[in-house]
1. Looking at Val253 and the list (1) within 23 Å of Ser90 (Cα to Cα); (2) hydrophobic (A, V, I, L, M, F, W, C); (3) in contact with a helix residue (DSSP H, G or I) (Cβ under 9 Å, 6 or more places away or on another chain); (4) crowded, with 19+ Cβ neighbours inside 10 Å, which single condition is not satisfied?
2. All but one of (1) of a type in the set (D, E, K, R); (2) in a helix (DSSP H, G or I); (3) at positive phi hold for Arg50; state the number of the condition that does not hold.
3. Could you count how many residues in region 200-243 are within 13 Å of Ala101 (Cβ to Cβ), outside any helix (DSSP H, G or I) and of a type in the set (S, T, N, Q)?
4. One residue is enough: does region 82-93 have a residue meeting the conditions assigned by TED's automatic domain parsing to the domain that holds Val235, among the charged types (D, E, K, R) and closer than 14 Å to Val253 by Cα?
5. List the number of the failed condition for Gly79; all other conditions in (1) at pLDDT 90 or above; (2) under 15 Å from the mean Cα position of the chain (by Cα) hold.
6. Could you check region 102-138 and list, in sequence order, the residues that are under 15 Å from Ile156 (Cα atoms), of a type in the set (D, E, K, R) and modelled with pLDDT under 95?
7. Residues being within 12 Å of Thr128 (Cα to Cα), surrounded by fewer than 22 Cβ atoms within 10 Å (Cβ to Cβ) and under 18 Å from the mean Cα position of the chain (by Cα): count how many of those fall in region 154-167.
8. Among the residues of region 96-126 satisfying the criterion of being assigned to a helix (DSSP H, G or I) and not hydrophobic (A, V, I, L, M, F, W, C), which is nearest to Thr36 (Cα to Cα)?
Amino acid sequence: MGSRGPLRGFRQGLKGMGYVEGENVAIEYRWAENQTDRLPALAADLLRRRVLVIAAMSTQAALAAKTATATVPIVFNVGGDPVRNGLVASLARPGGNLTGANFLTAELAAKRLELLRALVPTVTRVATLFNPATPEITESSLQDVDSAARAMNLQILVLNASTSSGVNEAFDTIVRDRTDALFVGPGPFFNGRRVQLAQLAARHALPAIYSQREHVEVGGLISYGANSAAAWQQVGLYVGKILRGAKPADLPVVQVLEVRTGD
């Protein structure tokens, strides 16, 4: 369950463990289409089909799968802290039926702010845009941004949006308050609204940084984030290991350190 992202990495990971889709493994795909309220039903549907492993490609999907089953193995790919979000007991010893890949959002948040300052040396006030409908992502991300901003003596204007009209309203506030730059938080909603975000930022000549390269591909200024293909490959590897008999509790959560910049 997740976005229609680079599935090539996931399949490469599976292939590394000897599994090829259509030959010796079947994959059931389910897409929430950025509607997180659909995730519990999607998880239940997969369980009815007696899947052997669930690959959850977001924190929300992983939480929905965890709520649905305590026995079927779940391999996740998340940006937030999986311990803080209640997915695993610890990174080294996950316990339970979940494990997966995690990228370090705190370090990435600080780096994004550094890049904004490099682009706009006079920046003193940065608007941050988060989705309140996904608190498991927003709360930890906001803490990371707030900590990094204090260290850099930057003022943060926190704005929320969970709808297309909410994004428009946030930009109205940014323009009215004459904010210097924009930091767009992570999450599937903003990735789904990437064209709207890029067009609004361009219209108002607002320097903006994003967490995913897909934003830059539709006209966004710059992105800095984890290499999603590498993380998906790790998920594929772990799914393959579990199919071969490994237990999630014995597979430590892997932190993906490789990052990529798009501009």
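1. Checking Val253 against (1) within 23 Å of Ser90 (Cα to Cα); (2) hydrophobic (A, V, I, L, M, F, W, C); (3) in contact with a helix residue (DSSP H, G or I) (Cβ under 9 Å, 6 or more places away or on another chain); (4) crowded, with 19+ Cβ neighbours inside 10 Å, the one that fails is (3).
2. Unmet for Arg50, out of (1) of a type in the set (D, E, K, R); (2) in a helix (DSSP H, G or I); (3) at positive phi: (2).
3. Looking only at that region, the number is 1.
4. Filtering region 82-93 down to residues assigned by TED's automatic domain parsing to the domain that holds Val235 leaves 82-93.
If we keep only those that are among the charged types (D, E, K, R) too, we end up with 84, 93.
Checking which are closer than 14 Å to Val253 by Cα leaves us with 84, 93.
Yes, region 82-93 has at least one match.
5. All conditions pass for Gly79, except number (1).
6. Arg112, Glu114, Arg117
7. 1
8. Taking region 96-126 and keeping what is assigned to a helix (DSSP H, G or I), we get 105-119.
Checking which are not hydrophobic (A, V, I, L, M, F, W, C) leaves us with 105, 107, 111-112, 114, 117.
Values: Thr105: 21, Glu107: 26, Lys111: 28, Arg112: 26, Glu114: 31, Arg117: 33 Å.
For region 96-126, the residue satisfying everything is Thr105.
The values are calculated or read from the model by the stated rules, or taken from the named source; none is laboratory data. Keep in mind that what you see is a predicted model, and the values were worked out from it rather than measured. Cβ: placed from backbone, ideal geometry, glycine included. Neighbour counts: every protein chain shown.
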